[in-house]
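Quick notes on the structure that follows.
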Amino acid sequence: MKTLPLPQRLSLLDGATPLQPLERLSRHLGGPRLLLKRDDLGGLGGGGNKLRKLEFHLARALAQGCDTVLIDGGLQSNASRLLAAAAARLGLRCELVLRKRVPRTDAAYEHNGNVLLDRLLGATVHVVAGEVDSRALLEELAARARGEGRVPYVLPFGASDALGAMGYAECAREVLEQALAAGERVDRVVVACGSGGTQAGLVAGLAALGCAARVTGMSVLAPARDIRLRVHAIAEEALALLAPDMALGADAVEVDEAFLGSGYGLPTREMKEAVSLVARMEGLFLDPVYTGKAFAGLLGRIADGTIRRGETVVFLHTGGLPGLFAYVSAFDEAPPV
Ligand SMILES: Cc1ncc(COP(=O)(O)O)c(C=O)c1O
(Lines give C-alpha, C1' and ligand atoms only; values in the text may rest on other atoms or scores of the structure.)
Protein backbone atom coordinates (compact mmCIF):
# COMPACT_ATOMS: atom_id res chain seq x y z
CA MET A 1 0.00 0.00 0.00
CA LYS A 2 1.26 3.44 -1.00
CA THR A 3 2.15 5.73 1.92
CA LEU A 4 0.94 9.32 2.11
CA PRO A 5 3.32 12.29 2.50
CA LEU A 6 2.04 13.43 5.90
CA PRO A 7 3.24 16.41 7.93
CA GLN A 8 4.74 15.91 11.39
CA ARG A 9 2.44 14.35 13.98
CA LEU A 10 2.53 13.01 17.49
CA SER A 11 0.96 9.77 18.63
CA LEU A 12 -2.32 9.84 20.56
CA LEU A 13 -3.91 6.65 19.23
CA ASP A 14 -1.64 3.72 20.07
CA GLY A 15 -1.67 2.16 16.60
CA ALA A 16 -4.37 1.14 14.13
CA THR A 17 -7.98 0.88 15.29
CA PRO A 18 -9.78 -2.39 14.43
CA LEU A 19 -11.90 -2.93 11.31
CA GLN A 20 -14.61 -5.37 12.37
CA PRO A 21 -17.35 -7.08 10.33
CA LEU A 22 -20.86 -6.62 11.73
CA GLU A 23 -21.82 -10.20 10.86
CA ARG A 24 -25.11 -10.45 12.71
CA LEU A 25 -26.42 -7.08 11.63
CA SER A 26 -25.37 -7.61 7.99
CA ARG A 27 -27.31 -10.91 8.01
CA HIS A 28 -30.32 -9.34 9.72
CA LEU A 29 -30.50 -6.65 7.04
CA GLY A 30 -29.90 -9.07 4.16
CA GLY A 31 -26.89 -6.97 3.08
CA PRO A 32 -24.90 -4.90 2.45
CA ARG A 33 -21.82 -6.34 4.12
CA LEU A 34 -21.07 -3.93 6.95
CA LEU A 35 -17.62 -3.33 8.40
CA LEU A 36 -17.13 -1.09 11.42
CA LYS A 37 -13.97 1.00 11.71
CA ARG A 38 -13.50 1.40 15.45
CA ASP A 39 -12.23 4.95 15.77
CA ASP A 40 -14.27 5.09 18.97
CA LEU A 41 -11.44 3.04 20.51
CA GLY A 42 -8.64 5.58 20.63
CA GLY A 43 -6.14 5.23 23.43
CA LEU A 44 -6.90 8.49 25.17
CA GLY A 45 -9.78 10.33 26.83
CA GLY A 46 -12.41 7.75 25.91
CA GLY A 47 -11.50 7.79 22.20
CA GLY A 48 -13.10 9.34 19.14
CA ASN A 49 -12.38 10.81 15.74
CA LYS A 50 -10.82 14.05 16.94
CA LEU A 51 -7.72 12.23 18.20
CA ARG A 52 -6.49 11.65 14.65
CA LYS A 53 -6.87 15.36 13.86
CA LEU A 54 -5.23 16.39 17.12
CA GLU A 55 -2.15 14.30 16.35
CA PHE A 56 -1.32 16.81 13.61
CA HIS A 57 -2.54 20.00 15.27
CA LEU A 58 -0.80 19.34 18.57
CA ALA A 59 2.47 18.47 16.82
CA ARG A 60 2.30 21.91 15.21
CA ALA A 61 1.31 23.53 18.51
CA LEU A 62 4.26 21.98 20.35
CA ALA A 63 6.63 22.99 17.53
CA GLN A 64 5.44 26.58 18.13
CA GLY A 65 6.27 26.30 21.85
CA CYS A 66 2.61 26.33 22.87
CA ASP A 67 1.68 25.87 26.55
CA THR A 68 -2.08 26.49 26.32
CA VAL A 69 -4.61 25.04 23.88
CA LEU A 70 -8.09 26.44 23.25
CA ILE A 71 -11.14 25.23 21.32
CA ASP A 72 -14.86 25.96 21.10
CA GLY A 73 -17.78 23.61 20.61
CA GLY A 74 -21.24 22.69 21.81
CA LEU A 75 -21.75 22.01 25.51
CA GLN A 76 -21.47 18.24 24.92
CA SER A 77 -18.60 18.57 22.45
CA ASN A 78 -16.49 15.43 22.02
CA ALA A 79 -13.70 17.42 20.35
CA SER A 80 -13.37 19.55 23.47
CA ARG A 81 -13.20 16.51 25.75
CA LEU A 82 -10.50 14.93 23.60
CA LEU A 83 -8.48 18.13 23.44
CA ALA A 84 -8.70 18.32 27.25
CA ALA A 85 -7.46 14.71 27.47
CA ALA A 86 -4.58 15.28 25.05
CA ALA A 87 -3.64 18.47 26.91
CA ALA A 88 -3.60 16.53 30.19
CA ARG A 89 -1.25 13.94 28.69
CA LEU A 90 1.03 16.61 27.21
CA GLY A 91 1.01 18.82 30.31
CA LEU A 92 -0.66 21.77 28.53
CA ARG A 93 -3.30 24.12 29.89
CA CYS A 94 -6.65 23.74 28.17
CA GLU A 95 -9.47 26.27 27.85
CA LEU A 96 -12.83 25.27 26.41
CA VAL A 97 -15.57 27.63 25.26
CA LEU A 98 -18.75 25.54 25.27
CA ARG A 99 -21.82 27.01 23.66
CA LYS A 100 -25.35 26.06 24.76
CA ARG A 101 -26.61 25.50 21.23
CA VAL A 102 -29.11 22.74 22.08
CA PRO A 103 -32.23 23.99 23.94
CA ARG A 104 -31.78 21.82 27.05
CA THR A 105 -31.34 22.82 30.69
CA ASP A 106 -31.73 19.46 32.45
CA ALA A 107 -28.99 18.20 34.76
CA ALA A 108 -27.97 15.28 32.52
CA TYR A 109 -27.26 17.60 29.60
CA GLU A 110 -25.60 20.35 31.59
CA HIS A 111 -23.47 18.24 33.93
CA ASN A 112 -23.15 14.65 32.74
CA GLY A 113 -21.44 13.11 29.69
CA ASN A 114 -18.65 15.16 28.16
CA VAL A 115 -19.13 18.06 30.61
CA LEU A 116 -18.30 15.78 33.55
CA LEU A 117 -15.24 14.44 31.74
CA ASP A 118 -13.97 17.91 30.73
CA ARG A 119 -13.92 18.89 34.38
CA LEU A 120 -12.24 15.64 35.47
CA LEU A 121 -9.55 16.25 32.84
CA GLY A 122 -8.76 19.60 34.44
CA ALA A 123 -9.84 21.88 31.58
CA THR A 124 -10.94 25.43 32.28
CA VAL A 125 -14.52 25.47 31.01
CA HIS A 126 -16.32 28.64 29.87
CA VAL A 127 -20.00 27.87 29.30
CA VAL A 128 -21.71 30.54 27.17
CA ALA A 129 -25.16 31.14 25.70
CA GLY A 130 -25.97 29.77 22.24
CA GLU A 131 -25.85 33.20 20.57
CA VAL A 132 -22.39 34.14 21.88
CA ASP A 133 -19.64 34.38 19.22
CA SER A 134 -17.45 31.63 20.65
CA ARG A 135 -14.67 32.20 18.10
CA ALA A 136 -14.33 35.83 19.17
CA LEU A 137 -14.25 34.76 22.81
CA LEU A 138 -11.53 32.20 22.04
CA GLU A 139 -9.40 34.92 20.43
CA GLU A 140 -9.97 37.11 23.49
CA LEU A 141 -8.87 34.29 25.82
CA ALA A 142 -5.82 33.64 23.63
CA ALA A 143 -4.90 37.35 23.78
CA ARG A 144 -5.26 37.27 27.55
CA ALA A 145 -2.96 34.22 27.72
CA ARG A 146 -0.39 36.02 25.54
CA GLY A 147 -0.62 39.01 27.91
CA GLU A 148 0.27 36.67 30.77
CA GLY A 149 3.37 35.47 28.90
CA ARG A 150 1.87 32.17 27.79
CA VAL A 151 1.90 30.74 24.25
CA PRO A 152 -1.66 29.82 23.16
CA TYR A 153 -2.74 27.67 20.20
CA VAL A 154 -6.34 28.06 19.03
CA LEU A 155 -7.76 25.01 17.27
CA PRO A 156 -10.11 25.53 14.31
CA PHE A 157 -13.77 24.57 14.86
CA GLY A 158 -13.91 20.78 15.22
CA ALA A 159 -10.14 20.72 14.46
CA SER A 160 -11.42 20.68 10.87
CA ASP A 161 -9.02 22.15 8.36
CA ALA A 162 -6.59 20.62 5.88
CA LEU A 163 -4.06 19.85 8.63
CA GLY A 164 -6.64 18.07 10.82
CA ALA A 165 -7.97 16.26 7.74
CA MET A 166 -4.56 14.58 7.33
CA GLY A 167 -5.64 12.31 10.20
CA TYR A 168 -8.52 10.98 8.14
CA ALA A 169 -6.52 10.71 4.94
CA GLU A 170 -4.27 8.37 6.92
CA CYS A 171 -7.32 6.59 8.34
CA ALA A 172 -8.51 5.96 4.76
CA ARG A 173 -5.14 4.35 4.01
CA GLU A 174 -5.38 2.27 7.18
CA VAL A 175 -8.88 1.02 6.23
CA LEU A 176 -7.76 0.02 2.74
CA GLU A 177 -4.74 -1.80 4.12
CA GLN A 178 -6.86 -3.67 6.69
CA ALA A 179 -9.53 -4.52 4.11
CA LEU A 180 -6.89 -5.85 1.72
CA ALA A 181 -5.34 -8.02 4.45
CA ALA A 182 -8.79 -9.38 5.38
CA GLY A 183 -9.81 -10.03 1.76
CA GLU A 184 -12.61 -7.44 1.95
CA ARG A 185 -13.70 -4.92 -0.69
CA VAL A 186 -14.50 -1.32 0.20
CA ASP A 187 -17.24 0.15 -1.98
CA ARG A 188 -18.34 2.94 0.29
CA VAL A 189 -17.54 4.64 3.58
CA VAL A 190 -20.37 6.16 5.61
CA VAL A 191 -19.54 8.77 8.24
CA ALA A 192 -21.24 11.39 10.42
CA CYS A 193 -20.49 14.86 9.15
CA GLY A 194 -20.40 17.91 11.44
CA SER A 195 -17.56 20.37 10.96
CA GLY A 196 -16.52 18.30 7.93
CA GLY A 197 -12.83 17.54 8.48
CA THR A 198 -13.34 13.81 8.94
CA GLN A 199 -15.20 13.34 5.67
CA ALA A 200 -12.83 15.73 3.88
CA GLY A 201 -9.80 13.75 5.02
CA LEU A 202 -11.35 10.45 3.90
CA VAL A 203 -12.23 11.91 0.49
CA ALA A 204 -8.76 13.39 0.00
CA GLY A 205 -6.99 10.26 1.24
CA LEU A 206 -8.97 7.89 -1.00
CA ALA A 207 -8.41 10.20 -4.00
CA ALA A 208 -4.67 10.41 -3.31
CA LEU A 209 -4.52 6.61 -3.09
CA GLY A 210 -6.44 6.20 -6.35
CA CYS A 211 -9.37 4.41 -4.65
CA ALA A 212 -12.82 4.87 -6.18
CA ALA A 213 -14.82 4.06 -3.00
CA ARG A 214 -17.59 6.64 -2.34
CA VAL A 215 -17.73 8.52 0.94
CA THR A 216 -21.26 9.32 2.10
CA GLY A 217 -21.41 11.97 4.80
CA MET A 218 -24.55 12.06 6.92
CA SER A 219 -25.04 15.62 8.07
CA VAL A 220 -25.73 16.01 11.78
CA LEU A 221 -25.25 19.77 11.87
CA ALA A 222 -26.59 21.80 8.98
CA PRO A 223 -28.23 21.67 5.55
CA ALA A 224 -26.27 19.54 3.10
CA ARG A 225 -25.47 22.38 0.70
CA ASP A 226 -23.49 24.39 3.30
CA ILE A 227 -21.70 21.32 4.59
CA ARG A 228 -20.86 20.05 1.10
CA LEU A 229 -19.14 23.32 0.19
CA ARG A 230 -17.17 23.26 3.41
CA VAL A 231 -16.12 19.61 3.07
CA HIS A 232 -15.15 20.17 -0.58
CA ALA A 233 -12.98 23.16 0.31
CA ILE A 234 -11.15 21.27 3.08
CA ALA A 235 -10.77 18.15 0.93
CA GLU A 236 -9.33 20.18 -1.96
CA GLU A 237 -6.78 21.81 0.30
CA ALA A 238 -5.91 18.45 1.88
CA LEU A 239 -5.47 16.80 -1.52
CA ALA A 240 -3.17 19.63 -2.58
CA LEU A 241 -0.92 18.69 0.37
CA LEU A 242 -1.06 14.96 -0.38
CA ALA A 243 -0.95 14.88 -4.18
CA PRO A 244 -0.43 18.37 -5.65
CA ASP A 245 -0.88 17.10 -9.21
CA MET A 246 -4.36 15.72 -8.57
CA ALA A 247 -7.70 17.53 -8.66
CA LEU A 248 -10.87 16.67 -6.78
CA GLY A 249 -13.90 15.79 -8.92
CA ALA A 250 -16.86 18.18 -8.68
CA ASP A 251 -19.04 15.34 -7.31
CA ALA A 252 -16.43 13.88 -4.93
CA VAL A 253 -18.29 15.08 -1.84
CA GLU A 254 -21.65 13.48 -1.11
CA VAL A 255 -23.60 14.81 1.89
CA ASP A 256 -27.03 13.51 2.90
CA GLU A 257 -29.11 15.72 5.20
CA ALA A 258 -32.24 13.54 5.37
CA PHE A 259 -31.47 12.12 8.81
CA LEU A 260 -30.54 15.35 10.60
CA GLY A 261 -34.09 15.78 11.93
CA SER A 262 -34.95 19.16 13.44
CA GLY A 263 -31.34 20.06 14.09
CA TYR A 264 -28.01 19.48 15.78
CA GLY A 265 -28.26 17.46 18.98
CA LEU A 266 -32.02 16.98 18.69
CA PRO A 267 -32.99 13.30 18.87
CA THR A 268 -34.91 11.59 16.07
CA ARG A 269 -36.92 8.35 16.12
CA GLU A 270 -34.56 6.89 13.51
CA MET A 271 -31.51 7.73 15.65
CA LYS A 272 -33.01 5.97 18.68
CA GLU A 273 -33.86 2.92 16.56
CA ALA A 274 -30.34 2.79 15.13
CA VAL A 275 -28.70 3.09 18.56
CA SER A 276 -30.93 0.30 19.94
CA LEU A 277 -30.47 -1.94 16.90
CA VAL A 278 -26.67 -1.80 17.00
CA ALA A 279 -26.64 -2.34 20.77
CA ARG A 280 -28.94 -5.37 20.59
CA MET A 281 -27.48 -6.95 17.46
CA GLU A 282 -23.79 -6.31 18.02
CA GLY A 283 -23.33 -5.30 21.68
CA LEU A 284 -21.87 -1.96 20.58
CA PHE A 285 -22.82 1.61 21.41
CA LEU A 286 -23.41 4.47 19.02
CA ASP A 287 -23.95 8.02 20.28
CA PRO A 288 -27.13 10.12 20.02
CA VAL A 289 -25.69 13.18 18.23
CA TYR A 290 -23.33 11.87 15.54
CA THR A 291 -22.99 8.13 14.94
CA GLY A 292 -26.61 7.36 15.88
CA LYS A 293 -27.94 9.73 13.22
CA ALA A 294 -25.31 8.63 10.69
CA PHE A 295 -26.15 4.97 11.22
CA ALA A 296 -29.85 5.83 10.92
CA GLY A 297 -28.92 7.37 7.56
CA LEU A 298 -27.11 4.20 6.55
CA LEU A 299 -30.15 2.07 7.46
CA GLY A 300 -32.51 4.48 5.70
CA ARG A 301 -30.47 4.47 2.50
CA ILE A 302 -30.22 0.68 2.56
CA ALA A 303 -34.01 0.49 2.96
CA ASP A 304 -34.66 2.84 0.02
CA GLY A 305 -32.09 1.12 -2.22
CA THR A 306 -29.68 4.07 -2.53
CA ILE A 307 -27.07 1.89 -0.83
CA ARG A 308 -27.24 -1.47 -2.56
CA ARG A 309 -27.29 -4.79 -0.75
CA GLY A 310 -24.38 -6.13 -2.79
CA GLU A 311 -22.02 -3.41 -1.55
CA THR A 312 -19.42 -3.64 1.18
CA VAL A 313 -19.82 -0.59 3.38
CA VAL A 314 -17.41 0.65 6.02
CA PHE A 315 -19.18 2.63 8.74
CA LEU A 316 -16.68 4.85 10.52
CA HIS A 317 -17.43 4.77 14.24
CA THR A 318 -16.28 8.22 15.30
CA GLY A 319 -17.00 7.78 19.03
CA GLY A 320 -19.17 10.00 21.21
CA LEU A 321 -20.23 7.42 23.79
CA PRO A 322 -20.18 9.91 26.71
CA GLY A 323 -22.97 11.80 24.93
CA LEU A 324 -25.35 8.91 25.63
CA PHE A 325 -25.27 9.78 29.33
CA ALA A 326 -26.43 13.30 28.54
CA TYR A 327 -29.39 11.88 26.58
CA VAL A 328 -30.96 9.58 29.18
CA SER A 329 -34.37 11.17 28.57
CA ALA A 330 -34.28 10.34 24.85
CA PHE A 331 -34.10 6.65 25.71
CA ASP A 332 -36.79 6.55 28.41
CA GLU A 333 -38.60 4.10 26.21
CA ALA A 334 -36.31 2.02 24.03
CA PRO A 335 -37.94 1.65 20.60
CA PRO A 336 -38.86 -1.87 19.45
CA VAL A 337 -36.26 -3.39 17.16
C1 LIG B 1 -18.52 11.49 17.75
C2 LIG B 1 -18.36 12.38 16.58
N3 LIG B 1 -18.61 11.89 15.36
C4 LIG B 1 -18.49 12.65 14.25
C5 LIG B 1 -18.12 13.97 14.33
C6 LIG B 1 -18.06 14.78 13.07
O7 LIG B 1 -16.76 14.97 12.64
P8 LIG B 1 -16.41 16.28 11.81
O9 LIG B 1 -16.63 17.44 12.73
O10 LIG B 1 -15.02 16.10 11.39
O11 LIG B 1 -17.36 16.35 10.67
C12 LIG B 1 -17.84 14.53 15.58
C13 LIG B 1 -17.49 15.94 15.68
O14 LIG B 1 -17.49 16.56 16.70
C15 LIG B 1 -17.97 13.71 16.74
O16 LIG B 1 -17.72 14.20 17.96
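The values are calculated or read from the model by the stated rules, or taken from the named source; none is laboratory data. The structure displayed is predicted, hence computed values, not measured ones. Reconstructed Cβ throughout: ideal geometry from the backbone, glycine too, with neighbour counts over all protein chains shown. Accessible surface areas use protein heavy atoms only, side chains included; no ligands, DNA or RNA. Shrake-Rupley method; radii C 1.70, N 1.55, O 1.52, S 1.80 Å.
Let me see the pair-distance distribution of the chain: every alpha carbon pair, 10 Å bin width, integer percents in order.
6, 27, 36, 23, 7, 1, 0
In whole percent, what relative contact order does segment 154-312 give with Cα contacts below 8 Å and a gap of six or more residues? Before the final figure, lay out each step's value.
Working: 276 pairs, mean separation 37.2, N = 159.
Over segment 154-312, the number comes to 23 percent.
How big is segment 32-77 by the Kirkwood estimate over distinct Cα pairs, in Å?
So the Kirkwood estimate lands at 12.9 Å.
Which of the peptides 182-194, 60-72 is most tightly packed, and how do the rest follow, judged by the mean count of other Cβ atoms within 10 Å per residue?
On the way: 182-194: 21.4, 60-72: 19.4.
By packing density, highest mean first, the sequence is 182-194, 60-72.
LEU163: net charge of surrounding residues, Cβ under 11 Å, Lys/Arg +1, Asp/Glu -1, itself excluded? Let's see the in-between values first.
Values: positive: ARG9, LYS53, ARG60; negative: GLU55, ASP161, GLU237.
Result for the neighbourhood of LEU163: 0.
Counting C-alpha atoms alone, how compact is segment 50-158: give Rg to one decimal and Dmax as a whole number, in angstrom.
When restricted to the Cα atoms of segment 50-158, Rg and Dmax are 13.3, 41 Å.
When only Cα pairs under 8 Å and 6 or more residues apart are kept, what is the percent relative contact order across the chain?
Reported relative contact order: 21 percent.
With a 1.4 Å probe and all protein chains left in place, how much of the accessible area of the chain comes from carbon and sulfur atoms, in whole percent?
53
Ranking request for peptides 317-329, 119-131, 294-306: highest mean number of other beta-carbon atoms within 10 Å first, then the rest in descending order.
Listed from highest to lowest mean packing, they are 317-329, 294-306, 119-131.
Kindly sort HIS57, HIS111 by accessible area of their heavy atoms, largest first, with the probe set to 1.4 Å.
Largest to smallest exposure gives the sequence HIS111, HIS57.
Taking the Cα centroid of segment 90-152 and of segment 154-226, what is the distance between the two, rounded to the nearest whole Å?
27
Please sort 278-289, 156-167 by packing, taking for each peptide the average over its residues of neighbouring beta carbons within 10 angstrom, highest first. Don't skip to the end; give the middle numbers.
Details: 278-289: 20.2, 156-167: 24.7.
Ranked by mean Cβ neighbours within 10 Å, highest first: 156-167, 278-289.
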